[in-house]
Amino acid sequence: MKYKSLGRTGVQVSQLCFGTMPFGGDADEAAAAEMFKAVRDLGVNFFDTADQYSKGKSEEILGKLMRGSRDDLIVATKVFNPAGPDINAKGSSRRHVSRALEACLKRLQTDRVEILYLHMRDALTPLDETLRALEDAVRAGKVLYPALSNHSAWETQAALGIQEANGWTRLQAVQPMYSLVKRQAEVEILPMATANGVSVFPYSPAGGGLLSGKYTDKSAQGRLATNKMYTVRYGEEWMHEVAEKFSAFCKKHGFHPMAAAVAWVAAHPAVTAPIIGARSVQQLQASLDSLKIDMAPALWNEIAALSRTPPPATDRLEEQKKA
């Protein structure tokens, strides 16, 4: 296992981040314990969760599993989504962020988290109000490093400007969606992060399982077939065409599609560590095998050519093609 710097903090995180979203849902406590041990034995020290995952059960299970090794781990969680029926039990107001964080810490059985993400952008709350909530948490010692998930490049850059103007602790990480079939992050998010020394921890590196090779069988069952959110997110025909080409490419080169999908995301220069997850140790192994793939630039470009390259931020396609 190799380790990389978390933003500008000097903290070292494993080159794979283990996402615990399945804990308490698709993965029961026994399966979660097996996966936790497997990644720890491999050297993973970075774990990602959220208060939303399995209605808090993911945090509870992770909290139990990291007893005795808490000080060796880097833990990230997220707040924003509804935590109860009350109208104010959601969003990124200072009120909700502070209350949601306290609940996260209780479930995780810890006094602090290294990273706290704002899970989504709250259209009702001004950004400076939300960032003050993060600063309050940092000053209280309950959060070490503020972070943003699912925010645009301009929102992230604006946040950095607000923090600098007020002398507040700066963002150290962003968590965008990024895969061979979801490449919008390449246009502005990844360059922005590199320019600011912000770590990037992409989620869904295998496109919600679309790139795993499983769905080349049209009758295959899984969340892409049963979960409306994923059906919409990965429902465009061209994405499935890319998945089929990618699967054939991997078969030709002797790669497991899941391993190659994770390795491809991890090899982007702006990416610190992709977030991987699974329902079982058996399913997890393919993602861990990504470490065995030497994703040289030529191979990365060959795989990238299977998909659509998003237009540049200026939309001047003719210049991109000339280059």
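The values are calculated or read from the model by the stated rules, or taken from the named source; none is laboratory data. It should be emphasised that the depicted structure is a prediction, and the values quoted were computed from it without experimental measurement. Quick reminder, even Gly has a Cβ in these numbers, built from the backbone with ideal geometry, and neighbours come from all protein chains shown. In case anyone asks, the SASA skips ligands and DNA or RNA and just uses the protein heavy atoms, side chains included. Shrake-Rupley method; radii C 1.70, N 1.55, O 1.52, S 1.80 Å.
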query: Pick from Glu135, Glu34, Glu237: which residue has the top mean-square fluctuation in a GNM of the chain where Cα pairs under 10 Å get a spring?
result: Glu237
- prompt: Looking at the stretch 65-215, what % of its DSSP beta bridges pair antiparallel, to the nearest 5?
  reply: 5
message: What are the ³J(HN,Hα) couplings of the stretch 261-272, residue after residue, when phi is run through the Karplus curve with 6.51, -1.76, 1.60 and θ = phi - 60°? Round to Hz, x for glycine and proline.
response: 5, 5, 5, 5, 5, 4, 7, 5, x, 7, 7, 7
statement: Here the net charge surrounding Glu186, from other residues whose Cβ is less than 15 Å away from its Cβ (Lys, Arg +1; Asp, Glu -1), is +1
- prompt: When the Karplus curve 6.51 cos²θ - 1.76 cosθ + 1.60 is applied with θ = phi - 60°, which whole-Hz ³J(HN,Hα) does each residue of the stretch 126-134 get, with x for Gly and Pro?
  reply: x, 4, 5, 5, 5, 5, 5, 4, 5
message: In whole Hz and in residue order, list the ³J(HN,Hα) couplings for the stretch 229-236 that follow from phi through the Karplus curve 6.51 cos²θ - 1.76 cosθ + 1.60, θ = phi - 60°; x for Gly and Pro.
response: 4, 6, 4, 6, 4, 10, x, 6
message: Give the separation of the Cα centroids, the stretch 68-97 to the stretch 1-44, in Å.
response: 19
Ellipticity estimate at 222 nm from DSSP helix runs (n ≥ 4, -39,500 (n - 2.57)) divided over the chain, nearest 500: -12000 deg cm²/dmol
Inter-part distance where the stretch 110-172 and the stretch 274-323 are each reduced to a Cα centre, Å: 28
- request: Could you work out the local net charge near Glu129, counting Lys and Arg as +1, Asp and Glu as -1, over the other residues with Cβ closer than 12 Å to its Cβ?
  value: -1
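Probe radius 1.4 Å, ligands and nucleic acids ignored: give me the carbon and sulfur share of the accessible area of the chain as a rounded percent. If you can, show how the numbers build up before the last one.
On the way: 7650 of 14980 Å².
C and S atoms contribute 51 percent here.
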Flagged links, alpha-carbon separation over 31 Å, of Lys37/Lys106; Lys57/Lys228; Lys4/Lys228; Lys106/Lys214; Lys228/Lys251; Lys4/Lys106: Lys4/Lys228; Lys106/Lys214
query: For Rg and Dmax of the Cα atoms in Å, which listed value, (1) 20.0, 62; (2) 19.3, 57; (3) 20.9, 72, comes from the coordinates shown?
result: (2)
- request: Would you mind working out the accessible area per residue for the chain, using a 1.4 Å probe, and quoting it in Å²?
  value: 46
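How high is the relative contact order of the stretch 181-323, in percent, with contacts defined as C-alpha pairs under 8 Å that are six or more residues apart? Show your work: numbers first, answer last.
Details: 145 pairs, mean separation 44.3, N = 143.
The normalised contact order for the stretch 181-323 reaches 31 percent.
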